[in-house]
1. Collect the residues in the range 367-388 that are surrounded by fewer than 16 Cβ atoms within 10 Å (Cβ to Cβ), of a type outside the set (Gly, Ala, Ser) and part of a helix (DSSP H, G or I), keeping them in residue-number order.
2. Output the strands (runs of 3 or more DSSP E) that fall wholly within the range 300-359 and possess 2 or more residues being among the hydroxyl-bearing types (Ser, Thr, Tyr), or say none.
3. Is at least one residue of the range 160-179 in contact (Cβ under 8 Å) with a residue 24 or more places away in the chain, assigned to a loop (DSSP other than H, G, I, E, B), in contact with a strand residue (DSSP E or B) (Cβ under 9 Å, 6 or more places away or on another chain) and hydroxyl-bearing (Ser, Thr, Tyr)?
4. I need the full set of residues from the range 108-128 which are assigned to a helix (DSSP H, G or I) and surrounded by 16 or more Cβ atoms within 10 Å (Cβ to Cβ), in order please.
5. Within the range 89-106, count every residue that is away from the ligand (no atom under 12 Å from the Cβ) and either without any contact (Cβ under 8 Å) to a residue 24 or more places away in the chain or under 21 Å from Asp186 (Cα atoms) (or both).
6. From the list Thr42, Thr6, which residue is within 16 Å of the ligand (Cβ to nearest atom), of a type outside the set (A, V, I, L, M, F, W, C) and modelled with pLDDT of 95 or more?
7. Let me confirm something: among Val102, Val97, which residue is in a helix (DSSP H, G or I), of a type in the set (A, V, I, L, M) and buried (at least 23 other Cβ atoms within 10 Å of the Cβ)?
8. Quick test for you: out of Ser74, Ser69, pick the one residue that is surrounded by fewer than 22 Cβ atoms within 10 Å (Cβ to Cβ), hydroxyl-bearing (Ser, Thr, Tyr) and either more than 16 Å from the ligand (Cβ to nearest atom) or within 22 Å of Pro205 (Cβ to Cβ) (or both).
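The values are calculated or read from the model by the stated rules, or taken from the named source; none is laboratory data. Since the model is a prediction, treat every value here as computed from it, not as a measurement. Note that each Cβ is placed from the backbone with ideal geometry, even for glycine, and that neighbours are counted across all protein chains shown.
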Amino acid sequence: MKIVYTDNNATTQVAPEVLDAMLPFFSQFYGNPSSMHSFGDTADQKIKQAREKVAALIGSAPEEIIFTSCGTESDSTAIRAAILSNPDRKHILTTRVEHPAVKNLCEYFLKKGYRVTFVPVDRKGRLDISFLKKNLTVDTAIASIMWANNESGVIFPIDEISQIVKERGIIFHTDAVQAVGKLPIDVRKVNVDMLSLSGHKIYAPKGVGALYLRKGTKFSPFLIGGHQEGGRRGGTENVASIIGLGKACELARGHLDEQRTRVKGLRDRLETELLKRIPEAMINGDQEHRLPNTTSIGFEYVEGESILLMMDRFGICASSGSACTSGSLEPSHVLRAMGVPFTAAHGSIRFSLSVYNTPEEIDCIIDNLPPIITRLREMSPFWKEAVG
Ligand code: PLP
């Protein structure tokens, strides 16, 4: 069975060009970049080039890029660094819809005695900017606000937000794990101090990421050890994956137009056709300011997990809007923060496309999903009650 993979916000395939670039660094050029011989220097030179490619994608200087093991490490490094560098400030500002990489770390600091403000969003997933303004104080060590949401795809106005935060002299971090490679990003034009990105969302392998650290930003490393990454992240570099990330960033620059046009076109067609064919379905999130590859659709009176299982029989991969909390399926914190009705949140499915998806794959979903929903609703007492 052919797989129709539309779960790219969870992870992407490794691009063939990325794999090709990486392979020689496992078996041929396996030197340690810190070694004092030219064999090691080959790896070091390639890391330098990868750093330049990552920097070019986001408009930074190469020295402002720190390689990490993932988006989560980048987020943790940024938030911990801001807190350690500002020991007198005991407040963190973030949002109610962050990825657990930020959300759970902020909750950890809450338990440690920090004050944490979680800025709410409205029904369309848009951030309450006036609430944000009112809650930045002289005690705020960091504001950490994602660029784009992994579930709804909603994009926050990072330009405006970063100005508000920086006018008050507060460190600003953005988790741009879902935005990088899908939207044009230029850190010279926005006032961010730190920005997280992750390899496996942009056709590089899992287990590699990067943190942009604006020159002059107070910093303290999370991993203390050797002198790697300019003393900002100890540990022998994951050479092959870093080279893969560099290649992926180079490819991503070339994909930006395609994301905005072809990928968005496929997403829009999928959405329009599904809404046309399936009654009582709704899009979760602001349709205007949204990642071009993402749609989260709530199908009333069915369970997301049942939809996923039935789509799986046709080889269709997507994700649901639920999280398994203490053995029961709860709508995700993102959909709850948006106030999506429980009946729709429970039946929400996120499709997230890639540059490799084809029109035929979209047709496969359009053909197979409507009868699945009909069948599940026929079995649902809630649906029967709702339609009488
Ligand atoms: N931040 C966002 C918005 C994400 O979507 C993810 C992964 O889904 C992460 C952070 C974590 O990235 P990683 O899986 O590389 O740790």
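1. First, the residues of the range 367-388 that are surrounded by fewer than 16 Cβ atoms within 10 Å (Cβ to Cβ): 367, 371, 374-375, 378-379, 381-382, 384-388.
If we keep only those that are of a type outside the set (Gly, Ala, Ser) too, we end up with 367, 371, 374-375, 378-379, 381-382, 384-385, 387.
Across the range 367-388, the qualifying residues are Asp367, Pro371, Thr374, Arg375, Glu378, Pro381, Phe382, Lys384, Glu385, Val387.
2. Working: elements: 322-325, 328-331, 348-352.
It comes to 322-325, 348-352.
3. Within the range 160-179, the subset in contact (Cβ under 8 Å) with a residue 24 or more places away in the chain is 160-166, 168, 170-179.
Cutting the leftovers down to assigned to a loop (DSSP other than H, G, I, E, B) gives us 168, 170, 176-179.
Narrowing the set further to residues that are in contact with a strand residue (DSSP E or B) (Cβ under 9 Å, 6 or more places away or on another chain) leaves 168, 170, 176-179.
This time we only want the ones that are hydroxyl-bearing (Ser, Thr, Tyr), so: none.
No.
4. If we filter the range 108-128 for residues that are assigned to a helix (DSSP H, G or I), which is where we start, we get 108-111.
Hit for the range 108-128 is Phe109, nothing else.
5. Number of matching residues: 0.
6. Values: Thr42 fails: within 16 Å of the ligand (Cβ to nearest atom).
Answer to the check: Thr6.
7. Values: Val97 fails: in a helix (DSSP H, G or I).
Of Val102, Val97, the one residue that is in a helix (DSSP H, G or I), of a type in the set (A, V, I, L, M) and buried (at least 23 other Cβ atoms within 10 Å of the Cβ) is Val102.
8. On the way: Ser74 fails: surrounded by fewer than 22 Cβ atoms within 10 Å (Cβ to Cβ).
Unique residue meeting the criteria: Ser69.
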